[in-house]
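So the structure is just underneath, and the comments pick up after that.
The values are calculated or read from the model by the stated rules, or taken from the named source; none is laboratory data. Just so it is clear, the structure is predicted and the values come from calculations on it, not from any experiment. We place every Cβ from the backbone using ideal geometry, glycine too, and count neighbours over all the protein chains shown.
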Amino acid sequence: MRCPFCAHDDSQVKDSRSSEDGAAIRRRRQCEGCGARFTTFERVQLRDLTVVKKDGKRQPFDRRKLERSIELACRKRDIAPERIDRLISGIQRQLETQGDDVSVERIGEAVMAGLEGLDHVAYIRFASVYKDFSEPQDFTEIAESVEAAPIDPKPDRLL
């Protein structure tokens, strides 16, 4: 593994442990060149996903984009980072089992389903961007729809 600090090609694994409920392995490494320590994560990837955009363009699936959009929706909410990471990993696994091509609509619906059971405010935040809210009434309608819905203490259940 190349060192992110000095670009030396060799590093030594100092510690390995399972994380994210066994969905990834966290490795603590030390560069043999400069001695700096850094962390890497190893995840199972079932297949290479291609995202099909609304205009028909295709691009490789980028987990970091999914992470950023969910973290933005969850910003300043009292949600454990482990729960957010489990949600992201669950969505990715779900998409990987459905085929090589995945539409942006399918990704959005999976995120909506996951956030609805995780946190109502995060769900409404994501929905306002995903569904392109343009009127205050849009917020009222979605708030009324989730008001009576319970929060799932284990958001591993997706679509």
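Given (1) in a helix (DSSP H, G or I); (2) farther than 27 Å from SER19 by Cβ; (3) modelled with pLDDT under 90, where does ARG93 come up short, assuming only one miss?
ARG93 satisfies all of (1) in a helix (DSSP H, G or I); (2) farther than 27 Å from SER19 by Cβ; (3) modelled with pLDDT under 90 except (2).
Please determine, by comparing only the residues of segment 1-35 that are modelled with pLDDT under 85 and out of contact with any strand residue (DSSP E or B) (no Cβ under 7 Å at 6 or more places or on another chain), which one is nearest to ILE84 (Cα to Cα).
Selected residue: GLU20.
Mind listing just one residue for me: the one in segment 82-105 that is of a type in the set (Val, Ile, Thr) and surrounded by fewer than 18 Cβ atoms within 10 Å (Cβ to Cβ) and, of those, farthest from the chain's Cα centre (by Cα)? Talk me through it step by step, then tell me what you get.
Kept after step one, since they are of a type in the set (Val, Ile, Thr), are these residues of segment 82-105: 84, 88, 91, 97, 102, 104.
Subset that is surrounded by fewer than 18 Cβ atoms within 10 Å (Cβ to Cβ): 97, 104.
Values: THR97: 16, VAL104: 14 Å.
So, considering only residues that are of a type in the set (Val, Ile, Thr) and surrounded by fewer than 18 Cβ atoms within 10 Å (Cβ to Cβ), the one farthest from the chain's Cα centre (by Cα) is THR97.
What number of residues within segment 96-116 satisfy the criterion of being modelled with pLDDT of 90 or more and assigned to a helix (DSSP H, G or I)?
Summing the residues that are modelled with pLDDT of 90 or more and assigned to a helix (DSSP H, G or I) in segment 96-116 gives 13.
How about segment 37-81: which of its residues are in a helix (DSSP H, G or I) and either surrounded by fewer than 12 Cβ atoms within 10 Å (Cβ to Cβ) or touching a helix residue (DSSP H, G or I) at 6+ places or on another chain (Cβ under 8 Å) (or both)?
ARG63, ARG64, LEU66, GLU67, ARG68, SER69, ILE70, GLU71, LEU72, ALA73, CYS74, PRO81
Look at ASP156 and say whether it is modelled with pLDDT under 90 and closer than 18 Å to ASP78 by Cα.
Against the criterion (modelled with pLDDT under 90 and closer than 18 Å to ASP78 by Cα), ASP156 qualifies.
Among GLY108, GLY35, which is the only one that is without any contact (Cβ under 8 Å) to a residue 24 or more places away in the chain and within 14 Å of the chain's Cα centre (by Cα)?
On the way: GLY35 fails: within 14 Å of the chain's Cα centre (by Cα).
It is GLY108.
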